[in-house]
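The values are calculated or read from the model by the stated rules, or taken from the named source; none is laboratory data. All values reported here derive from a predicted model rather than from experimental measurement. Cβ placement follows ideal geometry from the backbone for every residue including glycine, while neighbour counts extend to all protein chains displayed. The protein model used for the area step is the full one, side chains on, heavy atoms only, and it has no ligands, DNA or RNA in it. Shrake-Rupley method; radii C 1.70, N 1.55, O 1.52, S 1.80 Å.
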Amino acid sequence: MTRCEREKMAAGEWYCCIDPELDRLRETVRAAVHAHNTMPPAERGPMAPELAVLFGALGQGAFIEAPFHCAYGFNLFLGDGVYFNAGCAVLDTAPVRVGAGSMFGPAVQIYCADHHRDPALRAKGLERALAVTIGRDVWVGGGAIILPGITIGDRALVGAGSVVTKDVAADAIVAGNPARPR
């Protein structure tokens, strides 16, 4: 039995991101993100209702500043009190799990999409989705980039502008490009 592209994406297999079902899902989240990003703050509250209902899980007190972008929404699992500052982007082709109390500075980017290394296959839209897990009480400084498949342990600190290419241990402080222990 042949699996659809969404099923392959969910399984972490190579899939084609140029797909009508995935296109429809991205259209839905674009509308929700637009509502979030254009709604007056007093009406929006912690996040636009259109966006909140798409998330896989949403802890109490989670707050997302505008502007914000995500790829699907249903792969985002936020614990209590998670905070995303303005300009963050989460390409949640795979699950992104964020523990309670974790905070993200402005313009943090979290990527799950891992594009094929072969240029011909990449041109055909082949990619795979690798989950990102961020523990409890983590601080990620502004402009940091977290690459596909990364795990960041509880209470870790990622310096501003860092590119996280390897897992980060609990209680570690990392910074730089690539991010290294400090």
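With a probe of 1.4 Å, find how much accessible area the chain has per residue, and write the answer as a whole number in Å². Walk me through the numbers before you get to the answer.
Details: 8660 Å² over 182 residues.
That works out to 48 Å² per residue.
Top to bottom by accessible area (1.4 Å), largest first, where do Leu51, Leu147 land?
On the way: Leu51 0, Leu147 50 Å².
Descending accessible area places them as Leu147, Leu51.
Just to check, using Stokes-Einstein with a Kirkwood Rh over alpha carbon pairs, what's the diffusion coefficient of the stretch 62-115 at 20 °C and 1.002 mPa s in µm²/s? Don't skip to the answer; put the middle values down first.
Working: Rh = 11.0 Å.
Diffusion coefficient, whole number: 194 µm²/s.
With every protein chain left in place, what is the accessible area of Cys4 in Å² (1.4 Å probe, nearest 10)?
50
Roughly what % antiparallel, to the nearest 5, for the DSSP beta bridges in the chain?
Numbers: 7 of 38 bridges.
Among the beta bridges of the chain, antiparallel pairing accounts for roughly 20 percent.
Once you have the Cα-Cα distance between Thr165 and Glu43, take 0.36 nm times their residue separation minus that, and quote the gain in nm to one decimal. Working shown, then result.
Values: separation 122, 0.36 × 122 = 43.92 nm, distance 3.78 nm.
Result: 40.1 nm gained on full extension.
Work out the length of the dipole vector of the chain about its Cα centre, built from +1 on the beta-carbon of each Lys and Arg and -1 on the beta-carbon of each Asp and Glu, and round it to the nearest 20 debye.
380
From the C-alpha coordinates alone, can you work out the Kirkwood hydrodynamic radius of the stretch 59-162, in Å? Numbers along the way, then the final one.
Values: mean 1/r = 0.0730 Å⁻¹.
For the stretch 59-162, the Kirkwood estimate is 13.7 Å.
Quick one: if the Förster radius is 30 Å, what FRET efficiency do Glu27 and Arg180 give, using the C-beta to C-beta distance and rounding to 0.05? All intermediate terms of the calculation are to be shown ahead of the outcome.
Details: r = 40 Å, r/R0 = 1.33.
After rounding to 0.05, the efficiency reads 0.15.
Assign unit charges at the C-beta atoms only (+1 for Lys and Arg, -1 for Asp and Glu), then state the dipole size of the stretch 26-117 relative to its Cα centre in Debye, rounded to the nearest 20. Walk me through the intermediate numbers first.
Values: 5 positive and 7 negative charges, 37 e Å.
Using Cβ point charges on Lys, Arg, Asp and Glu, the stretch 26-117 gives about 180 debye.
Taking a 1.4 Å probe, which of His34, His69, His116 shows the most accessible area, and what order do the others take after it?
Most to least solvent-accessible, the answer reads His34, His69, His116.
Å³ per residue of the Cα convex hull, for the stretch 1-106?
Numbers: hull volume 10.5 nm³, N = 106.
Spread over its residues, the Cα hull of the stretch 1-106 gives 99 Å³ apiece.
What distance in nm separates the two pseudo spin-label positions at Asp154 and Arg6, each 7 Å out from Cα along the beta-carbon direction?
Taking the simple label geometry, Asp154 and Arg6 are separated by 3.5 nm.
From Cα coordinates alone, what are the radius of gyration and Dmax values for the chain in angstrom?
So, for the chain, Rg and Dmax equal 16.1, 50 Å respectively.
Per DSSP helix of 4 or more residues, -39500 (n - 2.57); summed, then divided by the residues of the chain. What does that give at 222 nm, rounded to the nearest 500? Don't skip to the answer; put the middle values down first.
Values: 5 runs with 38 residues, N = 182.
Roughly -5500 deg cm²/dmol at 222 nm, from the helical runs in the chain.
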